[in-house]
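Just below is one structure, and these are the notes that go with it.
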Amino acid sequence: MRLFIFFLLAGWLLSGCANKVAPTGGTKDILPPTVVSVSPPQRSLNLTSGKIVITFDEYVQLKDINKQLVISPIISPPPRIYVLKKSVVIELPDSLRSNTTYTINFGNAIADNNEGNPLPQYHYTFSTGTFIDSLKVTGKILNAETGKPEKGSLALLYKSTIADSSLLKIPPDYFTRSSDEGNFVIENIRDGKYKLFGLVDKSNNYLLDPKDEFAGFEILPVDPKDSLNFEIRVAKQPAEKQLAKGSSIDEAGKLITAFTKPVTQLSWKFITDEPDEIIREKSVNNDTIIFYCLPAQSDSVKIAWYENEILIDTVLYKKARVAGSSSTAAKNNSAAWKSDPAQGGSLKGDSHPIIKWSAPVIAFDTLKIQLWKDSVQLPVSVSFLDSIQTQMQLTGTWSEGIYTLKLLPAAITDFFSRSNDSVVVTFTVPGERSIGTISYKLNSLVRANYILQLVNDKDEVIRQRFNSGVSEGTFEMVEPGIYRLRLITDNNNNHIWDAGDVRKGVQPEEIDYHFEKLTVRANWEVETTWNR
């Protein structure tokens with residue numbers, strides 16, 4: 001009997017210890033908190049101040065509320081919102097508008113206290129008047145350049161009576177945030193006509209800061225009764241004022257000035273000693289100006305800049321502290337350069353090697369410019385892609401293999417009377433077996449001014465063609481990868497995409513993407529037809 005009791009106690013103890021070491025536990029809580037009461041109730045009328053208490057079946061928390069919470073229209077000063085045990089409390093200020101419907105949307109901010117399970121898109125609606133406004137506006141916000149959804153961006157409505165000069169400079173009448181797919185719904189809107197905008201609000205103040213924010217707009221007035229689905233294309237906005245945002249002396253005599261937006265009717269005056277000779281270069285976007293000056297100033301140059309004869313900025317130029325060139329920097333009296341392709345790189349299809357000189361070339365000796373394949377010297381011709389002769393293109397006949405481009409010492413002389421040291425660039429031309437081809441056909445009338453671009457899966461431009469007027473063609477020597485075609489309507493025929501200007505009522509230039517993804521494999525030809 002004693003032996004039996006001993007084994008019984010031992011089994012009981014072992015069972016208890018085992019339970020402590022490896023408890024079975026229960027099912028993990030994956031459910032969001034449940035609302036059990038709301039006071040005052042949802043869709044209350046004549047609510048002008050006081051507290052709103054939303055009580056749940058468990059203890060809750062507020063997560064990331066600064067980004068999740070949307071109160072439309074905006075309440076200023078904002079209500080105080082906090083957690084009290086199992087309740088979320090909203091203390092309303094006494095500054096609410098009369099006869100207005102408000103919606104407080106918590107997004108995914110309300111979550112249970114233990115597992116953090118969110119209660120998705122919970123919102124509370126009330127009116128300071130005698131009825132709830134019930135109209136809504138729906139749509140989608142897209143990046144104008146890539147066509148991809150802009151998640152978490154703002155859709156904003158302004159009463160059509162607001163002056164255009166005030167738009168995006170004052171808080172909107174109604175607003176909401178877009179979903180991960182870019183979709184938006186602005187609810188509980190009063191009857192009337194509105195102006196609709198999209199805004200990527202990085203500063204989180206519901207206002208447009210052109211320095212680094214994207215915006216777009218619907219051209220026509222919006223009537224919520226029409227039940228239309230709007231598409232807003234947002235793009236980086238130009239600066240409001242023209243200023244010099246950056247300046248430097250890249251090397252002696254080379255003055256670089258970057259402006260906040262493209263320049264028009266530009267003039268200047270040297271406050272320090274004026275050079276005897278200047279060659280001017282503009283960037284493709286016309287927002288950066290480079291002066292090549294003789295005599296070659298090296299530090300502390302001051303220029304006053306004017307646009308339309310109005311002073312916009314006075315700029316002091318200092319010598320750059322960091323030398324810059326991916327290939328070679330100007331040393332002593334040697335001309336600086338960099339090459340495309342870079343040393344050891346591959347020549348891109350439909351292209352020729354380019355040497356970019358840091359200053360305009362004023363003379364060159366073709367006998368000192370050589371192209372070699374293996375031990376055989378090949379013919380090569382020299383031309384320049386720009387009027388001031390900084391981009392030297394070497395044209396030859398290319399086939400699979402390794403090439404060496406040589407510029408013997410003193411092959412060129414630049415604006416500063418510098419010659420080059422020995423230049424040697426080795427590059428590869430890939431064979432047909434390692435690359436592919438894309439043939440395309442556009443089955444519709446293309447506008448007179450357009451840019452056809454081949455972009456990769458990162459939306460980087462790989463090739464482009466301007467206003468060819470031809471509805472079919474081929475991109476040859478394309479590296480294996482995934483690509484798409486896109487077509488830009490180039491309204492002003494400047495060969496670049498223009499992002500528009502919300503303040504001036506100018507839409508971004510239209511970009512159409514071909515829906516088909518083009519998978520290029522080695523030694524393959526891909527054919528595609530685009531019915532536009």
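The values are calculated or read from the model by the stated rules, or taken from the named source; none is laboratory data. If you're wondering where the values come from, they're calculated on a predicted model, not measured in any experiment. Every residue, glycine among them, receives a Cβ derived from its backbone with ideal geometry; neighbour counts consider all protein chains shown. Ligands, DNA and RNA are excluded from the accessible area calculation, which covers all protein heavy atoms including side chains. Shrake-Rupley method; radii C 1.70, N 1.55, O 1.52, S 1.80 Å.
If only the Cβ of Lys and Arg carry +1 and only the Cβ of Asp and Glu carry -1, the dipole of the chain around its Cα centre is close to 1300 debye. Computed from the Cβ-Cβ distance with R0 of 22 Å, the FRET efficiency linking Ser387 to Lys348 stands at 0.40. Amide H to amide H, with H built 1.01 Å from N, Gly345 comes under 5 Å of Thr428, counting only residues 5 or more places away or on other chains. Accessible area ranking (1.4 Å probe, heavy atoms, ligands and nucleic acids excluded), largest first, for Leu31, Leu45: Leu31, Leu45.
Taking a straight line from the alpha carbon of Lys86, these aspartates and glutamates sit under 16 Å away, with near neighbours fewer than eight places off in the same chain left out: Asp57, Glu58, Asp112, Glu115. Among the protein heavy atoms, those of Arg177 account for about 50 Å² of accessible surface (1.4 Å probe, every chain in place). For the residue pairs Lys159/Lys236; Lys211/Lys319; Lys169/Lys236, the alpha carbons lie more than 21 Å apart in Lys159/Lys236; Lys211/Lys319. Each residue, Asn493 and Val424, gets one label point 7 Å from its Cα in the Cβ direction; the gap between the two is 4.8 nm. Divided by 2.2 N^0.38 Å, where N counts the residues, the Cα radius of gyration of the chain comes to 1.38. Computed per residue of the chain from DSSP H runs no shorter than four, each worth -39500 (n - 2.57), the mean residue ellipticity at 222 nm is -1500 deg cm²/dmol. Once the Cα-Cα distance is subtracted from the 0.36 nm per residue extended length, the Lys169 to Tyr206 segment shows a gain of 12.5 nm. Modelled spin-label separation between Asp273 and Glu472, with each label point placed 7 Å from Cα along the Cα-to-Cβ direction: 6.5 nm. Phe466 exposes around 70 Å² of accessible area when a 1.4 Å probe is run over every protein chain in place.
Gain on full extension, evaluated as 0.36 nm per residue between Ser334 and Glu432 minus their Cα-Cα distance, stands at 31.4 nm. Note on Trp372 and Asn46: the model spin-label points, each 7 Å out from Cα along the C-beta direction, lie 9.6 nm apart.
Here the calculated FRET efficiency for Ile132 and Ser444, from their Cβ-Cβ distance with R0 = 56 Å, stands at 0.75, rounded to the nearest 0.05. Under 16 Å of direct C-alpha separation, and excluding same-chain neighbours fewer than eight residues apart, Lys373 reaches these lysines: Lys406.
On a 0 to 90° scale, report how tilted helix 2-21 is relative to the longest principal axis of the chain, with both axes built from alpha carbons and the result rounded to the nearest 10. Compared with the principal axis, the helix lies near 50 degrees.
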